[in-house]
1. Return a single number: how many Lys pairs in the chain, at a sequence separation of 8 or more or on separate chains, have alpha-carbon atoms below 14 angstrom apart.
2. Where does the charge balance sit around Val231 when Lys and Arg score +1, Asp and Glu -1, over other residues with C-beta under 12 Å from its C-beta?
3. Only helices at least 20 Å long along their own axis, judged from Cα atoms, and with Kyte-Doolittle mean hydropathy of -1.0 or greater: name those in the chain from DSSP H.
4. May I ask you to derive the FRET efficiency for Glu124 and Glu26 from their Cβ-Cβ distance with R0 = 41 Å, giving the value to the nearest 0.05?
5. If we count every other residue with Cβ under 13 angstrom of Asn67's Cβ, Lys/Arg +1 and Asp/Glu -1, where does the sum land?
6. Mind checking the full-extension length gain between Leu131 and Asn67? Use 0.36 nm per residue of separation minus the Cα-Cα distance, one decimal, nm.
7. Please give the calculated 222 nm ellipticity per residue for the chain, where each DSSP H segment of at least 4 residues contributes -39500 (n - 2.57) and the sum is spread over every residue; nearest 500 deg cm²/dmol?
8. Give the long-range amide H neighbours of Ile56: residues separated by 5 or more places, or on another chain, with amide H under 5 Å away, using H modelled in the peptide plane at 1.01 Å from N.
Amino acid sequence: MGKDVIVACDFSSKQAVMEFLDKFTEEKPYVKIGMELFYAEGPSIVREIKARGHKIFLDLKLCDIPNTVKKAMSVLSSLDVDMTNLHASGTIEMMQAALEGLTRPDGTRPLLIAVTQLTSTSEERMREQLLIDRPLDEVVMHYAENARKAGLDGVVCSPLESGKVHGRCSDGFLTVTPGVRFADGDVGDQVRVTTPAKAKELGSDYIVVGRPITAADDPVAAYRRCVSEFVG
Ligand code: C5P
């Protein structure tokens, strides 16, 4: 599986995302479409970006009863996305149902990645609100193992956790990692950040990069810098 840079297109309208993608006349970056853009524009935004030749990670983080997730995944699969995700907290049964729903009649399917614990969930909140007493790190690794047992392709995690996830689950189990910043760039609201080069060294399979590219004066140059640091 080749390493790639996924650009988080966190825009709220079709016009904004298309204006951004129009800047790329040579490359076709892998695009992450999140809830904001998907709920604003609907499935047509996925079809239009796909028709321009981009690969798509549809980041909708599903979590519901297995039957509902299976049916929703079947719809997303027919949109021809390349990668999508769900919450591992929905249980192994839900993740297995998701995989069934995602698998097309010809046996192909998009990659399916699990969110373990959101980075906004602290150990204290987990203990006090969710009544989970184990260390956060242990919970993240356990959820990653559940995702692997269910047959998923990988997890979203910090580049700093990539090595541990690979060790616990397997080298081929994908780590899709946000929290990436250039050494000389703005950290913004991300707390634990690594550079694209460091993410490569730590074994990330995909880096998800938003504002360092979308808010750059020259987004194409910033994207190229990410690719050259991460993919080489
Ligand atoms: O702009 P920035 O590079 O911080 O964007 C990172 C992207 O990755 C955003 O779309 C954000 O929602 C997403 N993400 C994250 N941390 C997670 C999961 C997803 O930053 N744990």
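1. The result is 11.
2. Every neighbour counted, the sum reads 0.
3. Working: long enough: 136-150 (21 Å, -0.49).
Those that clear 20 Å and a mean of -1.0 are 136-150.
4. Values: r = 47 Å, r/R0 = 1.15.
FRET efficiency, Glu124 to Glu26: 0.30.
5. Net charge around Asn67: -1.
6. Numbers: separation 64, 0.36 × 64 = 23.04 nm, distance 2.65 nm.
Gain in length upon complete extension: 20.4 nm.
7. Working: 11 runs with 103 residues, N = 232.
Rounded to the nearest 500, it is -12500 deg cm²/dmol.
8. Val31, Asp82, Met83
Values quoted throughout were computed directly from the atomic coordinates according to the rules given, and no laboratory measurement underlies them. What you see is a predicted model, and the numbers here were worked out from it, not measured in a lab. Quick reminder, even Gly has a Cβ in these numbers, built from the backbone with ideal geometry, and neighbours come from all protein chains shown.
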